[in-house]
Structure formats: C-alpha cells, structure tokens
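One structure is given here, and the rest of the page talks about it.
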Amino acid sequence: MLLTGQCLCGNVNYRCETEPESMQYCHCDTCRRVTGSAFNIGVGVPKDSLNVTGEVKSYTHTNGVTREFCPNCGTPLWTVGSK
C-alpha cells in the first residue's frame, strides 16, 4: 500500500509504502482540538517506514504525545507516541 501526502503549502511531503499497523477513529477533546473537527482519523505505520522531506516542528502535550506539524502553514501532520 502506498500512502502519500503533504501539508497545505507543500513544504512537507511524506511517503510510506508499508501496510498500516492500525487505523483509528477518535473524537476525544484533544483530537477534536487538533483537527478543528468533530473527529480525527489516524493510520498507524512504523516510524522508520515514513519518508519525510521538509522541515517539521513538534509540540509535546502533557500526556506525552508529540504532534508534528508544518512550521510554515501549521498543517497537523502526524502524532508520535499514541496507542
């Protein structure tokens, strides 16, 4: 399976050719705040299988979960450390 994407401005691109390990649908307060929507859909892949080009910034929440985003346009990209 090929997963690709980019941020709104195109400065960050990602590509993954590994089958997803998990898929999640979440509507907790944190996920709703991150997306500005009623829910968040996530696809879990091994971190070392994600090929990223461009600069990424991160924010670590008090629960230990790190959310990474484009520093130019602010697009949320992925989360590290969630289960």
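The values are calculated or read from the model by the stated rules, or taken from the named source; none is laboratory data. The model shown is predicted, which means the values in this text are computed figures rather than measured ones. Quick reminder, even Gly has a Cβ in these numbers, built from the backbone with ideal geometry, and neighbours come from all protein chains shown. SASA here: full protein model, heavy atoms, side chains in, ligands and nucleic acids out. Shrake-Rupley method; radii C 1.70, N 1.55, O 1.52, S 1.80 Å.
Between Phe39 and Thr62, take the C-beta separation as r, use R0 = 25 Å, and let me know the FRET efficiency to the nearest 0.05.
Values: r = 22 Å, r/R0 = 0.87.
Computed FRET efficiency for Phe39 and Thr62: 0.70.
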remark   = In the chain the cysteines whose Cβ sits 4.7 Å or more from every other Cys Cβ are Cys16, Cys28
query = Got a sec to turn the phi values of the stretch 5-19 into Karplus ³J(HN,Hα) couplings, 6.51 cos²θ - 1.76 cosθ + 1.60 with θ = phi - 60°, whole Hz, x for Gly and Pro?
reply = x, 7, 6, 4, 7, x, 6, 10, 10, 9, 8, 9, 10, 9, 4
message = Around Phe39, under 12 Å between beta carbons, what's the net of Lys plus Arg minus Asp minus Glu among the other residues?
response = +1
Amide H within-cut-off set for Val12, under 5 Å, with H built and near neighbours excluded = Cys7
ask   = With Rg and the Kirkwood Rh both taken from Cα atoms, where does Rg over Rh land for the chain?
value = 0.94
task = Quick one: pull the percent of accessible area on the chain belonging to carbon and sulfur, 1.4 Å probe, ligands and nucleic acids left out.
result = 50 percent
request  = Please work out the average accessible area per residue across the chain, using the 1.4 Å probe convention, and give it in Å².
outcome  = 70 Å²
